[in-house]
Amino acid sequence: MGNTRDLLDIKLFSQRFNEDLKSDLQLEDLKSDLQLEDCKSNLQLQDCKAIAKLYSTLENTISVLSDMVSRKSYIYAGATAQHIGFEPTGQEINSIWEDDLLSKIHPEDLQKKYMLELQFFQLIKSVELKERTNYCLITKLSVKNKEGKYVTMKHRLLYLSSTTGGNVWLVLCLYSMVYDHPGFDVPDGLILNTKTGAIVDNKEERPFELLTNREREIIQLIYLGIKSKEIAARLSVSIHTVNRHRQNIFQKLGVDNAIEAIKVANSIGVLRNLG
């Protein structure tokens, strides 16, 4: 379970934010434009902070606004926080993970949450920018309250903004109570298009099956520290073929290098029973 968050961590941070920047020459030529863009970005961040705070006030949610570029989160604790004994250490933390809150979630539900979030972000990156705000993720969670007993909570993940290069920038997590009352319930986990009402079909897709048999074989050999040349010899293929498989693996796992690929592969069970 300790590696489950790597699946999301690597997926999000492997976005190539540097692609949003211009070359040195272009930066010099467009310096004033970039300063204006920075100003707009700051205003947009402030607007999203206001949205997060508003949710915590109107719905008494625990609102967590995460900034993927600066790797910070902004926490606004409504009355829900008191029900589960959650006392954030500060309104701003240097992480996109609200660990004090996540540690209260049942381990199985935490795994479910991470895997659904992976599917959500894969979906978001595949749709047009103007359509992204139409999607939200809803997850039913068991969370320890201040007495140490599990209570039911509803978690919503909302996309708010992208960088100029189209990478996911600001997302909002909302945690609210599901009270023990007839008719009060929440889906176990789904992605919803709030504009059309359509539920995205996730088909219980197993992340292990993201990779082909050959790709799983190669990532396992990489994990064991075997170099591409030796992998090619072992599998009786060319080094070009091995490198092509490596790139396919990186692309499917949403990472840029072998270290990140190993972390994600370990999280989804590809490396189980190895080493």
Kirkwood Rh, Cα atoms: Rg over Rh of the stretch 207-267:
0.93
For the stretch 98-200, report the convex hull volume of the alpha-carbon atoms normalised per residue, in Å³, without decimals.
104
Net length gained if the chain between Gln119 and Ser142 were fully extended (0.36 nm per residue, minus Cα distance)
6.2 nm
In whole Hz, what ³J(HN,Hα) sequence does the stretch 55-65 give by Karplus (6.51, -1.76, 1.60; θ = phi - 60°), x for Gly and Pro?
4, 5, 7, 6, 10, 6, 6, 8, 10, 10, 9
Quick check: residue separation of Leu58 and His240 times 0.36 nm, minus the Cα distance between them. What number comes out in nm?
59.8 nm
Which order results if Glu87, Glu98, Glu59 are arranged by neighbouring Cβ count within 10 Å, fewest first?
Glu87, Glu59, Glu98
Want the number for Lys130 to Glu108: 0.36 nm per residue separation, take away the alpha-carbon distance, what's left?
4.5 nm
For each of Leu58, Leu116, count neighbouring Cβ atoms within 10 Å of the residue's Cβ, then give the residues from fewest to most.
Leu58, Leu116
Where labels lie 7 Å past Cα in the beta-carbon direction, separation of Thr194 and Glu230 in nm:
5.2
Burial ordering of Trp97, Trp169, fewest other beta-carbon atoms within 10 Å first
Trp97, Trp169
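Expressed as cubic angstrom per residue, what is the convex hull volume of the alpha carbon set of the stretch 67-128?
107
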Over 27 Å between alpha carbons, listed pairs Lys154/Lys252; Lys72/Lys140; Lys112/Lys195; Lys72/Lys149; Lys53/Lys263:
Lys154/Lys252; Lys72/Lys149; Lys53/Lys263
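We did not get these values from a lab; they are worked out from the coordinates using the rules stated. Please read these numbers as outputs of a predicted model, since none were measured by experiment. Glycine gets a Cβ as well: all are built from the backbone with ideal geometry, and neighbour counts include every protein chain shown.
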